[in-house]
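Step one of this worksheet: look at the structure below.
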Amino acid sequence: MDPVRRIYCVEDDLQVARILEKQLEYLGYQVCGMADNGPDAVKGISESSPDIALIDIELHGKFEGLDVGNFLITRTDIPFVYITAHDDRETMERARQTLPDGYLLKPFDTRQLMVAIEMAKRNGSISPGLARTAGTRVSSNGMPGPGFVKEQPDFRRHESPEMPARGLRL
């Protein structure tokens, strides 16, 4: 597997975009394009074929980043990470429906950025050639791809009489 080298950034705040570009260059990545709105991002990503895309969810006050994520999930095999200051349930649920390969909360440091990219790279390369659709990655014959499940897991704590919730003891 080739390492991720080319990254496309979608960020509407010029100062944040410049800092992000410097962080990526410091980490050894090449920024192959930048956009500050959804339509330009879709066009730029289509033309530059990056290894991964970093996408701000809210662009100029609208949730255009989710549209870019939806484009990537339905029309490409390009992994993507949302970068956002939004950690409310509604935004996270809307983002989750587009099946991102990562979700990075602002502000973040260079190390957190590197980890998000490396994890997205791994997630996006588990089974090359799979298209992601409706909550699952599905192979060309319509069967779930290796390591993927049909439904999104629910990570909320569930308690039952048989298995009461307990804290871990170290």
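The values are calculated or read from the model by the stated rules, or taken from the named source; none is laboratory data. All values reported here derive from a predicted model rather than from experimental measurement. Ideal geometry is used to build each Cβ from the backbone, glycine not excepted, and the neighbour counts take in all protein chains shown.
Looking at (1) crowded, with 22+ Cβ neighbours inside 10 Å; (2) in a loop (DSSP other than H, G, I, E, B), which one does Pro107 not meet, given that it meets all the others?
Pro107 satisfies all of (1) crowded, with 22+ Cβ neighbours inside 10 Å; (2) in a loop (DSSP other than H, G, I, E, B) except (1).
Scan the range 85-104 for residues that are touching a strand residue (DSSP E or B) at 6+ places or on another chain (Cβ under 9 Å) and of a type in the set (D, E, K, R) and jot them down.
Within the range 85-104, Asp87, Arg96, Asp101 qualify.
Restricting the search to the range 39-84, which residues are touching a Lys or Arg at 6+ places or on another chain (Cβ under 9 Å) and among the charged types (D, E, K, R)?
Answer for the range 39-84, where residues must be touching a Lys or Arg at 6+ places or on another chain (Cβ under 9 Å) and among the charged types (D, E, K, R): Asp51, Asp56, Asp77.
Quick grid of which residues meet (1) at pLDDT 50 or above; (2) in contact with a Cys (Cβ under 9 Å, 6 or more places away or on another chain):
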site: Asp56; (1), (2): yes, yes
site: Asp67; (1), (2): yes, no
site: Thr74; (1), (2): yes, no
site: Leu99; (1), (2): yes, no
site: Ile126; (1), (2): no, no
site: Ala134; (1), (2): no, no
site: Phe148; (1), (2): no, no
site: Glu151; (1), (2): no, no
site: Glu162; (1), (2): no, no
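Please enumerate the residues belonging to the range 38-83 that are aromatic (Phe, Trp, Tyr) and surrounded by fewer than 23 Cβ atoms within 10 Å (Cβ to Cβ).
The answer is Phe63, Phe71.
Taking the stated definitions as given, is Tyr82 touching a strand residue (DSSP E or B) at 6+ places or on another chain (Cβ under 9 Å), of a type outside the set (Gly, Ala, Ser) and closer than 16 Å to Arg5 by Cβ?
In short, no.
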